[in-house]
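Have a look at the structure below before the remarks.
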Amino acid sequence: MKKGEPDTIVNDSVGNSSQEPMINIENLNVAFGPLQVLKGLSLKLYKEENLVVLGKSGSGKSVLIKCIVQLLKPDSGTIEVLGSNVGSLNRKELGELRKKIGFLFQSGALYDSMTVRENLEFPLVRIRRKMSKKEVDDKIKEALENVGLADALNKMPSELSGGMRKRISLARTLVVDPLIMLYDEPTTGLDPVTSDEISELINLVQKKYKTSSIIITHDIECARNTANRILMLHDGEVHTEGTIENFEKSNDSLIKSFFK
Amino acid sequence: MKKIIPIAKVRGYATNKTIRLSDKTIEKSQLASIFFLDVGNMALFIARIFRETFSRNFEFKEFLRQCYEIGNKSLPLIAVTGAIMGVVLTIQSRPALASFGAVTMLPGMVAVSIVREIGPVITALICAGKVGSGMGAELGSMKVSEQIDAMEVSATSPFKFLVVTRVLAATLMLPILVIFADGFGIFGSWIGVNIKGDVNLVLFTSQAFGSIDFMDFIPALVKSYFFGAVIGIVGCYKGYNAGKGTESVGKAANSAVVLASLMVIIVDLIAVQITDMLA
Ligand SMILES: Nc1ncnc2c1ncn2[C@@H]1O[C@H](COP(=O)(O)OP(=O)(O)OP(=O)(O)O)[C@@H](O)[C@H]1O
Ligand SMILES: [Mg+2]
């Protein structure tokens, strides 16, 4: 299935394509100087869907989700999140929208001058100002248990291993119950067991909190476990879009190199 | 610094149309445009500090932590430097005063110069080195490791949490440190006097403080607030706008110290003109 006819198998697996999409990106262009990273990319994320985005390193996956939360401003194109055009929001409206979006950084981006507890508290007490101390503590405990690191509560990020940092970072993102989750390589650098646990957690979050997610990954196992729909980026455009079965059966050489 | 690209385009255009701009001209115009961009951005940065200081949800806890950090980090260094400056100044001034037979004026004269100039400027320069570079490096590394972005996307204001608290803490703490520096400086001066003479502390203190009046102390205190603000603003500006990669952390810290020290001296120059006009 080549570009130009991407609609054939869209959303077979998710029966709500008739609904308003949670995220609707149209004709997105991003360039850094002479380097054109995204060229007219369009995608939709539907409600309660896990959309996996594949693509080789440097294909602009991180750039794509940074544009969604306006950490980067695209050169052209529109991005609608929950019905509002993010490019035209003022600072306050953008803040309100960001409260509903969870963003897991590829690098983790833990606040390294704060303990694990303070890291999780940081967004929580600032977004949910009315929460009592007890509720905050419970919420933090729950989030840490979800990622299997309840005993790391009072550690500093520098005392954690790479995989643990990633999981704490995930806990920090999930602690505020976002409607939309953007995972940037949630399983990269983790052992297979932990990777599977993270994939399960992603599925759990989807079911329990009814979140819609974009999951960026190179990890085919993670894609198999979590994807309702997969989208392959290449040369700044959507190369292929479909379900995991479509991808496994495909004869395209690029896809085959991922799914061997 | 994406904004300088148009000039690069002009260059291509110019060569096509046989209007020749030498490489040097282009380089100079790029430097100039970077400079003006920097000044403009700094002005916006300061405006944002004002706006966010007076908006809701002030980060009081972080503010107190920063005050403690600044005081705690710099006080020992300031105490030692202040005392030594007091000793040195006293020893250096004695021969000149002795030749007029005015050695009794030594405590008063040294005290005035410490309170008016040495105390505030030494404190500010030490803080520019210690506090300014610390802010540049800390915020710079937070920027590089995407921690500032992470605060931004979690709908908490990194600016309010990181910048506003630090700038206010530096502004409020510097005058306090200056008072300490003055105290230690005058104490150092007492030691200096006693190397060659014998004046007891009570007499010395009354002589020293007797010669300081209101118009010595207040302008010095006021300018200390400005020194603090300058150090905080420059340190945070350089850190918050650090580029990508580890080397920009070093660059941010370094340029924070250089610019903050320079700005302190410039503010001092402006302050002395204003005080002079008022007196
Ligand atoms: N802030 C930036 N300034 C300049 N170039 C950038 C910037 N951010 C990304 N790029 C460039 O954009 C391209 C895409 O980067 P991106 O981080 O999106 O890749 P990716 O698909 O996430 O790769 P990976 O799988 O390795 O994380 C890269 O070539 C990168 O050099
Ligand atoms: Mg990436």
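The values are calculated or read from the model by the stated rules, or taken from the named source; none is laboratory data. Since the model is a prediction, treat every value here as computed from it, not as a measurement. Here the Cβ is made from the backbone with ideal geometry for all residues, glycine too, and neighbour counts use every protein chain on show. Keep in mind that these areas ignore ligands, DNA and RNA; they rest on the heavy atoms of the full protein, side chains included. Shrake-Rupley method; radii C 1.70, N 1.55, O 1.52, S 1.80 Å.
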Next item on the list: May I ask for log10 I(q)/I(0) of the protein assembly as shown at q = 0.07, 0.08, 0.09 Å⁻¹, from a Debye sum over the Cα atoms as equal point scatterers with solvent left out?
Entry: -0.54, -0.67, -0.79
Next item on the list: Pairs of Cα atoms under 8 Å, at least six residues apart: use those to get the relative contact order of chain A, whole percent.
Entry: 29
Notebook entry, point to check: Given the convex hull of the Cα atoms of chain A, what is a quarter of its surface area in nm²?
Noted result: 14.3
Note to self: So, R0 is 30 Å and r is the distance between the beta-carbons of B:L262 and A:H218; what FRET efficiency does that work out to, to 0.05?
What the structure shows: 0.05
Margin query: Please compute the modelled spin-label separation between A:K155 and B:R48, points set 7 Å along Cα→Cβ, answer in nm with one decimal.
Written below: 3.4
Check: With charges set only on the Cβ (+1 for Lys and Arg, -1 for Asp and Glu), what does the dipole of chain B come to about its Cα centre, in debye to the nearest 20?
Finding: 1160
Item checked: Accessible area (Å², 1.4 Å probe, nearest 10) - B:T104 -> 110
Margin query: Taking 8 Å as the Cα distance limit and 6 or more residues as the minimum spacing, I'd like the relative contact order of chain B as a percentage.
Written below: 28
Note to self: Using only DSSP helix segments of four residues or longer, with each worth -39500 (n - 2.57), what per-residue ellipticity at 222 nm results for chain A after dividing by its residue count and rounding to 500?
What the structure shows: -10500 deg cm²/dmol
Notebook entry, point to check: Stokes-Einstein D for the stretch A:112-198 at 25 °C, 0.890 mPa s, Kirkwood Rh over Cα pairs, in µm²/s?
Noted result: 185
Next item on the list: Ignoring everything but the protein chains, give the 1.4 Å probe accessible area of A:M156 in square angstrom, nearest 10.
Entry: 60
Next item on the list: Beyond 29 Å between alpha-carbons counts as too far, so tell me which of A:K99/B:K130; A:K139/B:K251; A:K61/A:K99; A:K61/B:K244; A:K166/A:K208 fall in that bin.
Entry: A:K99/B:K130; A:K139/B:K251
Check: What is the distance, in nm, between label points placed 7 Å from the Cα along the Cα-to-Cβ direction at A:D191 and at A:T115?
Finding: 2.7
Next item on the list: Please report, to one decimal in angstroms, the Kirkwood hydrodynamic radius of the stretch A:31-176 built from all distinct Cα-Cα pairs.
Entry: 17.2
Next item on the list: Could you list which residues have their amide H under 5 Å from that of A:G40, counting only those 5 or more apart in sequence or on another chain, with H placed in the peptide plane?
Entry: A:L28, A:N29, A:V30
Checklist line | Rg/Rg_globular for chain B, with Rg_globular taken as 2.2 N^0.38 Å and Rg from C-alpha atoms | finding: 1.25
Note to self: Spelling out what I want: for every residue of the stretch B:245-260, take phi, set θ = phi - 60°, compute 6.51 cos²θ - 1.76 cosθ + 1.60 (Karplus), and round to whole Hz; glycine and proline get x.
What the structure shows: x, 5, 5, 6, 5, x, 4, 4, 4, 5, 5, 4, 5, 4, 5, 5
Margin query: Restricted to Cα positions, what overall size does the stretch B:144-210 have along the principal axes? Three whole-Å values, descending.
Written below: 66, 23, 10
Next item on the list: Could you tell me which of B:I118, B:G183, B:N194 has its Cα farthest along the dipole of the stretch B:58-212 towards the positive end, charges placed at Cβ (Lys, Arg +1; Asp, Glu -1), taken about the Cα centre?
Entry: B:N194
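Which pairs, out of A:K134/B:K61; A:K39/B:K160; A:K47/A:K260, put more than 29 Å between their alpha-carbon atoms? Could the numbers behind the result be given before it?
Numbers: A:K134/B:K61 20 Å; A:K39/B:K160 36 Å; A:K47/A:K260 31 Å.
Beyond 29 Å between Cα atoms: A:K39/B:K160; A:K47/A:K260.
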